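Notes follow the structure.
Read-outs: derived from the displayed coordinates by stated rules, not from any lab. Only a predicted model underlies this, so the values are computations on that prediction, with no experimental measurement involved. When we count neighbours, we look across all protein chains shown, and the Cβ atoms used for this are built from the backbone with ideal geometry, even at glycine.
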Amino acid sequence: MVKVRFLMAFFLFAAMLTNAQESVITKSELPQTAQKFISAHFPNSTVDYVKMDKEILSTDYTVRFTDGTELEFDSNGEWTEVDGKRTAIPTEFIQKSILVHVKEKFPNTHIVKIEKGRFGKQEIKLSNGLELEFNSKGIFKRIDD
């Protein structure tokens, strides 16, 4: 009986892996929300490629610009990660309380990455290498080193 359950789980897992599809798409094939985000915050950036990662239960998108900056979006086109690869990223879309905290506590740095986690948690990476964690309301929780 244990072997049967193991085999069923194995084949289910294998089916899930084979069903996942990653493909290159155009910027115009992104959800409208993602397209608007790019236009608003990265108007002068040139897209290198756009990837769509289609899983069984979700679809995620990755946009890479020619300068190396990467954006990740969920199936609704909401950003989940903005990574400047050690270069400052635009901050207009970041919660004001987070920006105030960074400016007050780390005035000689800039934000190079932001990532949304579970339950709205946000992780910020600064140019000095520190990673800061904030809750969904933008309240500082801890330094994550």
Convex hull of the chain built on C-alpha atoms - directionally averaged projected area, nm²: 11.0 nm²
Sequence of Phe140, Phe119 once ranked by neighbouring C-beta atoms within 10 Å, starting from the fewest: Phe119, Phe140
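Which of the chymotrypsin sites (Phe, Trp or Tyr not before Pro) found in the stretch 17-69 are in a DSSP loop and have at most 14 neighbouring Cβ atoms, other than their own, within 10 Å?
Nothing satisfies the criteria.
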Stretch gain in nm, segment Asp53-Glu133, where the contour uses 0.36 nm per residue and the Cα spacing is subtracted: 26.1 nm
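How much net charge surrounds Glu92 when only other residues with a Cβ under 15 Å from its Cβ are counted (Lys, Arg +1; Asp, Glu -1)?
Summing Lys/Arg as +1 and Asp/Glu as -1 gives +3.
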Sequence-separation-based contact order of the stretch 21-81, relative, with Cα cut under 8 Å and 6+ spacing, percent: 32 percent
Coil-residue GluC sites (Glu not before Pro) of the stretch 72-127, DSSP, other Cβ within 10 Å capped at 15: Glu78, Glu92
Distribution of pairwise C-alpha distances over the stretch 21-81, 10 Å bins, in %: 24, 62, 13, 1
Spin-label model distance (nm) - Lys141 vs Asp74, 7 Å beyond Cα toward Cβ: 1.6 nm
